[in-house]
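Note sheet for the following structure.
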Amino acid sequence: MIPKQISDIIKGKANELGLLDCAILPVEFLTEDKSRLDDWLANDMHGEMGYMARNRDKRLNPELLIENAKSIIVVLQNYYPDHTQEDNSAPVLSKYAYGTDYHFVFKDKLKQLLQFINDEIAPCSGRPFVDSAPVLERAWARKAGLGWIGKSSNLISLEHGSFFFIGELIVDIELPYDKPKPVTDHCGRCTKCIDACPTKAIVADRVVDARKCISYQTIEVKGELDESLKAHFENRVFGCDICQDVCPWNLKSEPHKEPGFEAHPKLLQLKKEEWQNMERPLFNELFRKSAVKRAGFKGLQRNLKFLASNKEE
């Protein structure tokens, strides 16, 4: 097969698997992202996420993740839902957490893509990565021409907005590489995401201080939440979509077609009182396969009590 055929076959399979976009790049050191990562870490903006500092070298150099790594396939997976929570007064769950944990759904697709390459292109070894290993996913997606890094620090696509996951498949064979042109920054003078962030976590253009981020507070923090942020959570109980919800580019977002991301039938109908009075059996029923299990029942209860105490004051 000629290189273009190989590339088209791989991208065709990615499309068949329901992925939004796909690009193939050579593995290399992310030189231009080094200083940004180092500055962010030096300013302790990673908070309790010590793994960010521990795996700093691997984040910049994929060759440290996969022996003899040659190629990286970067793909996007839409998670924008068709329906959202019905009770406007209920604690708000991030849209990405409605259905089955994306780590499983998305990674399974990448495993299928890896098997397909082995069967149809050439024998190879590789590993899928979905936000659970030290890969600078947004840097690779930007490098692949799949979007630009917006002022919120999210990757934004001209075609799809930003409600998608980014995944990578790193393999030990050379593939036909794309020659993408960097996507022009289309944020312009817009500052909607910066203005809308209730905790002012976007501390500079494209710089997020995780310690102030509602997603970080409700998911990553293991102890008590930051009392200084109590009045600014805007009823977010797990994760936060505010900077994405206000982004004009997300007017382009279309509902996903992934059955695994469909919400549990009861979840979107859950009333405020049902959230506040939730006990473990209901938690297990709603979130048995959900990313919410990362916080766990105790973590979700902590978040709910934090929201409730704010309204009592």
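Values in this text are rule-based calculations from the coordinates and carry no lab data. Computed from a predicted model, the values in this text were never measured in an experiment. Glycine gets a Cβ as well: all are built from the backbone with ideal geometry, and neighbour counts include every protein chain shown.
Side notes on the structure shown:
- Neighbours by Cβ (under 9 Å, 6+ apart or cross-chain): first from segment 19-38, within 10 Å of Asn61 (Cβ to Cβ); second surrounded by fewer than 16 Cβ atoms within 10 Å (Cβ to Cβ) and not hydroxyl-bearing (Ser, Thr, Tyr): Val27/Glu63; Glu28/Glu63; Phe29/Glu63
- Qualifying residue in segment 69-92 (condition: crowded, with 18+ Cβ neighbours inside 10 Å, among the hydroxyl-bearing types (Ser, Thr, Tyr) and assigned to a helix (DSSP H, G or I)): no
- Taken over segment 247-282, residues that are over 30 Å from Arg189 (Cβ atoms) and either of a type in the set (S, T, N, Q) or more than 23 Å from the chain's Cα centre (by Cα) (or both) amount to 16.
- Filter result (aromatic (Phe, Trp, Tyr), touching a residue at least 40 places away in the same chain (Cβ under 8 Å) and part of a strand (DSSP E or B)) within segment 114-168: Phe129, Phe164, Phe165
- Test for Gln276: is it closer than 14 Å to Tyr98 by Cβ, out of contact with any Gly (no Cβ under 8 Å at 6 or more places or on another chain) and surrounded by fewer than 18 Cβ atoms within 10 Å (Cβ to Cβ): no
- Taking each residue of segment 182-200 that is more than 19 Å from Glu234 (Cα to Cα) and touching a residue at least 24 places away in the same chain (Cβ under 8 Å) and looking for partners that are of a type outside the set (Asp, Glu) and not in a loop (DSSP other than H, G, I, E, B) with beta-carbon atoms closer than 6 Å, six or more apart or interchain, yields Val183/Trp148; Asp185/Trp148.
- Count of residues meeting criterion [surrounded by fewer than 22 Cβ atoms within 10 Å (Cβ to Cβ), within 20 Å of the chain's Cα centre (by Cα) and either part of a helix (DSSP H, G or I) or among the small types (Gly, Ala, Ser) (or both)] in segment 198-233: 6
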